[in-house]
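Report on one structure; see the data block that follows.
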Amino acid sequence: MTLRRKIVLLGEMAVGKTSIVRRLTLDRFDANYKGTFGYNIFSYRLAGLGPEGDQDMELVIWDTDGGLGASVLHQDAAIKGARAAVIVGDVTRPRTLHTMAVLARSCDEHLPGRHVHFLLNKIDLFPDVEETALTAELTTFGHPILKTSAKSGDNVSQAFVDAANAIIRRGL
């Protein structure tokens, strides 16, 4: 039996949310930026999850409009049924990392007990990122942090495998 679980993708505009989900679901990267208006919904299947490696999951990924900010968590359509949130920041724009912290606080409040995962995206543009300097505010939450590149695909699928396994572990 395949579990079907909703994940919300959050972050400021132009941090690479749509590029990440397109890399994950289509294995493509498009350098032409097209902003998301409202929501885009993607589906992705994972197999071999769980402690025994015998569980399958279909992720329903809601790619949200970055202009909505933390207010997206007050909208029922965006969060209703979400089992996890993946929050994306752009390592070339440190301000977006502060926004990640604001979103994490909202997630912890509005989605208690749900898995939250931080993605530091665009690592291909800034490969020598100093984690302690950029992520000090994020580490206080205790949520996992992963460096990704939607362009190269580095750690993109791993982020969603980790989130899916966390959903299983938590029984969500």
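For a quick check: sort Glu12, Glu109 by the number of other beta carbons within 10 angstrom, fewest at the front.
Glu109, Glu12
Give me Ile7, Ile41, Ile87, Ile145 sorted ascending by neighbouring Cβ count inside 10 Å, so fewest comes first.
So the residues, fewest neighbours to most, are Ile41, Ile145, Ile7, Ile87.
Taking R0 as 30 Å, what FRET efficiency do you get between Met1 and Thr25 from their Cβ-Cβ distance, rounded to the nearest 0.05?
Result of the calculation: an efficiency of 0.85.
By count of other Cβ within 10 Å, fewest leading, how are Thr92, Thr18, Thr2, Thr148 ordered?
Lowest to highest Cβ neighbour count: Thr2, Thr92, Thr18, Thr148.
Through the Karplus equation 6.51 cos²θ - 1.76 cosθ + 1.60, θ set to phi - 60°, convert the phi angles of the stretch 93-110 into ³J(HN,Hα) values in whole Hz; use x for Gly and Pro.
Result, rounded to whole Hz: 10, x, 4, 5, 6, 5, 4, 4, 5, 4, 5, 4, 4, 5, 4, 4, 7, 8.
Report the label-to-label distance for Leu172 and Arg93 in nanometres (one decimal), using points 7 Å from each Cα along the Cα→Cβ vector.
2.6
So for the pair Tyr39, Glu58, with labels modelled 7 Å out along Cα→Cβ, what separation do we get in nm?
With each label placed 7 Å out from Cα toward Cβ, I get 1.6 nm.
Since every read-out is calculated from the coordinates, none of them should be taken as a lab result. As the structure is a computational prediction, the values presented were derived from the model and not from experiment. Using ideal geometry, Cβ is built from the backbone for each residue, glycine included, and neighbour counts are taken over all protein chains shown.
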